[in-house]
Amino acid sequence: MKIRIYYEDTDAGGIVYHTNYIKYCERARSEAFFEAGLNFTKESGYFVVSALEAKFLASAVLGDEVFVRTKLMELKKASLVLEQEIYKFDEKDAEKVLFKATITLAFMKESRLAKIDESMKTFINGVKF
């Protein structure tokens, strides 16, 4: 997923505010579900972030175009682990990774941890994040 950096994304130093990288990752995950026509409600089940480990490697600045890449690392009975990277291309068209995160999502139904059903597992295994 491509994201352009706007003034509202930056801090007083002109670089992307650190929490926005996490927002960009969330947008990319959500977009994959929206593109597939899936709309999660509390009745059908939904994912919540249960753990997040982030590494800030470099900064994006106003006007940059950054990209979010998502990779499924592990699919468990009631959760999944994703690796997400935000990167941009430098002036030589080389990829430069700015941010990496390992994110664990737990599946919930009726405010409780729930088993991910087979159709959802099939979707997750086939999704192009």
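The values are calculated or read from the model by the stated rules, or taken from the named source; none is laboratory data. The model shown is predicted, which means the values in this text are computed figures rather than measured ones. Positions of Cβ are backbone-derived with ideal geometry, glycine not excepted, and every protein chain shown enters the neighbour counts. What goes into the accessible areas is simple: the full protein's heavy atoms, side chains included, and nothing from ligands, DNA or RNA. Shrake-Rupley method; radii C 1.70, N 1.55, O 1.52, S 1.80 Å.
Worth a mention:
- Amide H contacts for ASP64 (H built 1.01 Å from N in the peptide plane; partners 5 or more residues away or on another chain; cut-off under 5 Å): ILE5.
- Residue-wise HN-Hα couplings along segment 6-21, as the Karplus relation 6.51 cos²θ - 1.76 cosθ + 1.60 with θ = phi - 60° gives them from phi, are 9, 3, 4, 7, 9, 9, 4, x, x, 10, 4, 5, 3, 5, 5, 4 Hz; Gly and Pro carry x.
- In order along segment 96-101, the phi-based Karplus estimate (6.51 cos²θ - 1.76 cosθ + 1.60, θ = phi - 60°) of 3J(HN,Hα) comes to 10, 7, 9, 8, 10, 9 Hz; Gly and Pro are listed as x.
- Taking all protein chains into account, the per residue accessible area for the chain stands at 62 Å² (1.4 Å probe).
- Computed Rg/Rh of segment 1-57, alpha carbon atoms with Kirkwood Rh: 1.05
- Excluding same-chain neighbours fewer than eight residues apart, the lysines reachable from LYS109 by a Cα-Cα span under 17 Å are LYS42, LYS76, LYS77, LYS121.
- Over the chain, equivalent-ellipsoid semi-axes from the Cα gyration tensor in Å: 30, 15, 13
- Unit charges at the beta carbon, dipole of the chain: most positive-side option, GLY13, ILE103, GLN84: ILE103
- Think of each Lys and Arg Cβ as +1 and each Asp and Glu Cβ as -1; about the Cα centre, that makes the dipole of the chain roughly 500 debye.
- Gyration tensor verdict on segment 90-129 (Cα atoms; rounded if a/c is under 1.5, prolate if a/b is larger than b/c, oblate otherwise): oblate
- Principal semi-axes of the equivalent ellipsoid, √(5λ) from the alpha carbon gyration tensor of segment 62-118, are 33, 11, 7 Å from largest down.
- Residues whose amide H comes within less than 5 Å of that of SER50, counting only those at least five positions distant or on another chain, are THR104, LEU105, ALA106 (H built at 1.01 Å from N in the peptide plane).
- Backbone phi angles across segment 71-83, fed through the Karplus curve with coefficients 6.51, -1.76 and 1.60 (θ = phi - 60°), yield HN-Hα couplings of 10, 6, 9, 7, 10, 10, 4, 10, 7, 9, 10, 10, 10 Hz in residue order; Gly and Pro are listed as x.
- Over the chain, DSSP H runs of length four or greater, each weighted -39,500 (n - 2.57), average out per residue to a 222 nm ellipticity of -6500 deg cm²/dmol.
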